[in-house]
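Taking it in order: structure first as structure tokens, then the write-up.
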Amino acid sequence: AEALIASLLSSARPGASEETYRVQFVRDAARAPSTFDEKCGGCHRLLTSLGPRGAGRQGPNLSGLLTPFYPKTAPGDLPWSEKTLTEWLENPRAMRPLALMPPVAVSKQEMQEILEQIRATGS
């Protein structure tokens, strides 16, 4: 772990703030589950600046989903966007008929919370 952290820190942008990398080794048991944990975490994982979210292994790891570095796996082999993700959660099979993922009922507030957490993986 120390070698990995040293490598990350040595490759940081010149002048980057101390907030560039945050490492959390132990999940805080007292931390309340997030909306991502409750709605997505049964199948997906997400590594945020505040530590890991979700524990699922069925679906892909969603860390960096809204960045240009994430594979173009949105319907049509396009990059994911907030709009596409919102539509996908409403009805994945309308966008990709053979999708295994079921629709996920989320309120507008919950969707914003999920997007905030996914955005936090790309900064």
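The values are calculated or read from the model by the stated rules, or taken from the named source; none is laboratory data. Keep in mind it's a predicted model, so treat the numbers as computed, not measured. Note that each Cβ is placed from the backbone with ideal geometry, even for glycine, and that neighbours are counted across all protein chains shown. Surface areas here come from the heavy atoms of the whole protein model, side chains and all, with no ligands, DNA or RNA. Shrake-Rupley method; radii C 1.70, N 1.55, O 1.52, S 1.80 Å.
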Report task. Within region 97-110, track down each residue that is over 19 Å from residue 61 (Cα atoms) and either touching a residue at least 60 places away in the same chain (Cβ under 8 Å) or surrounded by 13 or more Cβ atoms within 10 Å (Cβ to Cβ) (or both). Result -> 106, 110
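If you take the residues in region 104-123 that are β-branched (Val, Ile, Thr) and part of a helix (DSSP H, G or I), which one is farthest from the chain's Cα centre (by Cα)?
Of everything passing the filter in region 104-123, 114 is farthest from the chain's Cα centre (by Cα).
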Requested in this report: Looking only at region 67-79, decide whether some residue is touching a helix residue (DSSP H, G or I) at 6+ places or on another chain (Cβ under 8 Å), over 18 Å from residue 33 (Cα atoms) and open to solvent by less than 50 Å² (accessible area, probe 1.4 Å).
Outcome: yes
Query raised in the report: Out of (1) part of a loop (DSSP other than H, G, I, E, B); (2) at pLDDT below 90; (3) of a type in the set (D, E, K, R); (4) open to solvent by 80 Å² or more (accessible area, probe 1.4 Å), what's the single condition that is false for residue 19?
Result: (1)
Query raised in the report: Which one is nearest to the chain's Cα centre (by Cα), of the residues in region 35-58 that are of a type in the set (Gly, Ala, Ser) and more than 17 Å from residue 105 (Cβ to Cβ)?
Result: 54
Report summary line: Note: among 89, 46, 98, just one is under 16 Å from residue 120 (Cα atoms) and of a type in the set (A, V, I, L, M), namely 46
